Amino acid sequence: MGDSFLSQSGPGTLKITILEKVHYVPEDNLIWIFQDLGLIRFSNQFCWNGECKNCPVTFKLTSDGGEITERACRTPAQEGMMIIDMPGKFYKKI
């Protein structure tokens with residue numbers, strides 16, 4: 001209960017955690033997933049190809065792994081990924 005289902009579970013669906021909330025999402029770049037979840041604050045701030053550098057997110061791939069900061073538009077979601085920071089200037093908090 002409380003889990004967000006962007007699409008039905010099945011082939012091509014991943015479980016990721018965004019700011020401590022579990023979501024089941026399609027395999028895709030994070031920026032498109034965030035858009036589908038309604039997490040993009042102002043879509044006109046993004047170039048969607050990595051040139052603007054306005055879509056940074058910090059994540060871990062394992063609970064004891066190191067933090068990685070990358071652009072969401074160039075980062076594909078991975079099973080078990082944990083998004084731990086999304087700058088409020090660009091993203092809505094959930």
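Read the figures in this text as sums done on the coordinates, not as results from a lab. Keep in mind the model is a prediction, meaning the values are calculated, not measured. Positions of Cβ are backbone-derived with ideal geometry, glycine not excepted, and every protein chain shown enters the neighbour counts.
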Using 0.36 nm times the number of residues separating GLU79 and LYS93, minus their current alpha carbon distance, what extension gain do you get? 2.9 nm
Those aspartates and glutamates that a straight Cα-Cα span of less than 13 Å connects to LYS93, excepting residues fewer than 8 apart in one chain: GLU20, ASP85
Does the range 4-85 come out rounded, prolate or oblate by the C-alpha gyration tensor, with a ≥ b ≥ c the root eigenvalues, rounded set by a/c under 1.5 and, if not, prolate when a/b is larger than b/c and oblate if not? oblate
Simple spin-label estimate for THR62/VAL22, 7 Å along Cα→Cβ, in nm, reads 2.1
Can you list the aspartates and glutamates whose alpha carbon sits under 12 Å from that of LYS53, skipping same-chain ones fewer than 8 residues off? GLU70
